[in-house]
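Asks: Quick one: the structure is below, questions incoming.
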Amino acid sequence: MCGINGVFAYQSCADPPEASELAATSLAMRARGPDGEGQWWSAERRCALAHRRLAIQDLSQRAAQPMVSADGALVVTFNGMIYNYPQLRAQLAANGARFRTTSDTEVLLHLYERHGQAMCDHLRGMYAFAIWDQRRRGLFLARDPYGVKPLYTANDGWTFRFASQVKALAAGGGVSLDPEPAGIVGLHLFGSVPEPFTLHRQIRALPAGHGQWVDSAGPREPRAFASIAQVLAEGAAAPAPASELSARVRAAALESVEAHLLADVEVGLFLSAGVDSGAILGLMRDAGQSRITAITLAFDEFNRSSEDEAPLAERVARHYGARHVVRRVSEAEFRADLPAILAAMDQPSIDGINTWFVSKAAKEAGLKVALSGLGGDELLAGYPSFADIPRWVRWLRPFALVPGFGAGVRRVGVALAPGAFRRRPKALSLAEFGGAYPGAYLVRRGLYMPHELARHLPADVVRDGLARLRPLHRLAETLKPDPGSAIGRVSALESANYMKNQLLRDADWAGMAHGVEIRTPLVDYALLKALAASLPALTPGAGKRALADAPSLTLPQEVVRRAKTGFSVPGWSADARGSMLTAPKGLASRAKVLELMTLPEAA
């Protein structure tokens, strides 16, 4: 886990990159890489790469980056972890490759040398990297299938820039910061900025599961090498018997946890009172890790209440023999840290504060790597959305076939009962959007509905933002090809939107702010492939029960029976998982946060 950036003046008439810009961009990411920094410049000084290092694998200086191949023809700057690098290294060595380090970074150089841009088909991990190819005088960038690791690019028609953070590109001074209406509107719709947009028109995210080539002709369109929807569709086409679910989940989850434990430093765990992190703890034990530090976050205001996760997490830690660290956060600490939290947010989000504090606790405990249970709900149908959205679509699809019916119902409802509609803004929106999966998902996850935006944003921002974002079209794109089942469609929507744009992004900025690498063994493309055939037939609760039974010593039943709750922070209430037909809890505070985080910056 690191910070990467680079500048490539691809037009011959463009000014060469400035050393000050490269350094300023890198400096803005210093929290991501406290263990080292480096720069590389091409001989003609048209391309420059930089790196901030958090040393996890091969801690020696020989693994520093940017890393140059033995013949000088390739240079890589890399953020992330390749979990199958030992196997790749052995295969490459058997075919004549010679290694100078034990790092996964060097494997990328040899893999590109052998396979070119098709190298991504062989990778398992979380990654964002750029490789300079001196022979072809071009730059290849890639990002992992789920988008666990961020990568942002900017192109002004002369020079191409990239970095791990939007704020880092802004700090370099070479990128226009004109506002992006689609990013502002998307934030107000979903509570996070939907990719590929950012709050700045010139800065875009490289899409997850895509590679991009840049040479003297400029950047090509990103090309996909992975698709969540495609994997789900293939699984639905050849479904596995329901009787195999438990065995498949155990084998695949254990294998994923084993892969995610690869490191030359201690790997800890963020432990809640839920099934996902508890099962991972049990699987870490099964994988042979004898010393496990588990970090649980607790708030003074929740002490002795049903929202206090510490007592049950303590029970789970004892169950598996883990060293348990309970980190309590007071209101005073929360208020003291809030300015630093907002400053560390690379893009605005209504969530992530809990991850900030648990990452802070991990750093205090001496950890540089921690596993998280993030992704279990998206993979194994743990959210209420897996029941709600298909039901809404079944009920409302006939009405959606009548042109203008839903919008007409909403307008009539507003006219007849404006006060009730303000209290329950999503109730009438179901009639308008609920007849198809993208629209039903917008209702389920949306912070505001499109017709509400005019009360919070200038009319021109709403108009241009909706036209550029095309939210329903963008959601529909995550369902291509059709995942083939109701469970698969909701899984694809949750994984490619809420999880990628909010949960994974929050994990990145909040963990990196403390120099902690957060790994997510339940967000793993190989795991998805292993379980895709079992997902279409999932019944309510079956997936999470199978995960709870995956460790050889199964989870305590009080964890399995515990009612699902969203992780909340006292006084913040930032998640939108309450009753989706009413105004989400904490709406006033979120509206204020959105105002603070976007409008001044976009002005």
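The values are calculated or read from the model by the stated rules, or taken from the named source; none is laboratory data. None of the values given here were measured: they were computed from a predicted structure. Heads up, the Cβs are rebuilt from the backbone with ideal geometry, glycines too, and the neighbour counts pull from every protein chain shown. Each accessible area value is taken on the protein alone, full model and side chains, heavy atoms only, with ligands, DNA and RNA left out. Shrake-Rupley method; radii C 1.70, N 1.55, O 1.52, S 1.80 Å.
Asks: Given that compact globular proteins tend to follow 2.2 N^0.38 Å, what is the ratio of the alpha-carbon Rg of the range 70-217 to that value?
Replies: Normalised by 2.2 N^0.38 Å, the Cα Rg of the range 70-217 equals 1.14.
Asks: Using the Cα centre of the range 490-540 as the reference point, and only Cβ charges (+1 on K/R, -1 on D/E), how large is the resulting charge dipole? Debye, rounded to the nearest 20.
Replies: Value, rounded to 20: 120 debye.
Asks: Rounded to the nearest Å, what's the spacing between the alpha carbon centres of the range 465-494 and the range 334-351? Just the number, please.
Replies: Measuring centre to centre over Cα atoms gives 29 Å.
Asks: Given charges of +1 on the Cβ of Lys and Arg and -1 on the Cβ of Asp and Glu, with all other atoms neutral, how large is the dipole of the range 434-480 about its Cα centre, in debye to the nearest 20?
Replies: Values: 8 positive and 4 negative charges, 31 e Å.
Value, rounded to 20: 160 debye.
Asks: Provide the packing ranking of 483-490, 385-392, i.e. peptides ordered by the mean count of other C-beta atoms within 10 Å per residue, highest first.
Replies: So the peptides 483-490, 385-392, ranked by packing, come out 483-490, 385-392.
Asks: Given Cα pairs under 8 Å that are at least 6 residues apart, what percent is the relative contact order of the chain?
Replies: Reported relative contact order: 18 percent.
Asks: Which of rounded, prolate, oblate describes the range 1-159, given a ≥ b ≥ c as roots of the alpha-carbon gyration tensor eigenvalues and a/c under 1.5 marking rounded, otherwise prolate only if a/b is larger than b/c?
Replies: Prolate, because a/c is 1.5 or more and a/b exceeds b/c.
Asks: Just order 280-287, 82-89, 57-64 by mean Cβ neighbour count inside 10 Å, highest at the front, would you? Could you put the intermediate results ahead of the total?
Replies: On the way: 280-287: 23.8, 82-89: 19.9, 57-64: 15.4.
Those peptides, ordered most packed to least, come out 280-287, 82-89, 57-64.
Asks: For the chain, what is the mean residue ellipticity at 222 nm derived from helices alone (per DSSP H run of n ≥ 4: -39500 (n - 2.57); sum divided by total residues; nearest 500 deg cm²/dmol)? Provide the component values of the computation, followed by the final result.
Replies: Working: 25 runs with 249 residues, N = 603.
The helix contribution divided over the chain gives -12000 deg cm²/dmol.
Asks: Right, another one. Can you run phi through the Karplus equation (6.51, -1.76, 1.60; θ = phi - 60°) for the range 51-63 and list ³J(HN,Hα) in whole Hz, with x for Gly and Pro?
Replies: 8, 10, 10, 10, 6, 10, 10, 6, 7, 6, 5, 5, 9
Asks: Same structure again: Would you mind calculating the relative contact order of the range 242-318 from Cα pairs under 8 angstrom and at least 6 residues apart, reporting the percent as a whole number?
Replies: 31 percent.
Asks: How large is the accessible surface per residue of the range 89-163, computed with a 1.4 Å probe and reported in Å² as a whole number?
Replies: On the way: 2680 Å² over 75 residues.
I get 36 Å² per residue for the range 89-163.
Asks: Cross-link candidates for K426: which aspartates and glutamates have Cα within less than 17 Å, leaving aside residues fewer than 8 places away along the same chain?
Replies: The qualifying aspartates and glutamates are D388, E452, D575.
Asks: Which pairs, out of K149/K368; K167/K360; K149/K544, put more than 19 Å between their alpha-carbon atoms?
Replies: K167/K360; K149/K544
Asks: Same structure, new question: Tell me the volume per residue, in Å³, of the convex hull enclosing the alpha carbons of the chain.
Replies: For the chain, the hull spanned by Cα atoms encloses 151 Å³ per residue.
Asks: Separate question: Where the only charges are on Cβ atoms (+1 Lys, Arg; -1 Asp, Glu), what is the dipole of the chain about its Cα centre, to the nearest 20 debye?
Replies: Dipole of the chain, to the nearest 20 debye: 1120 debye.
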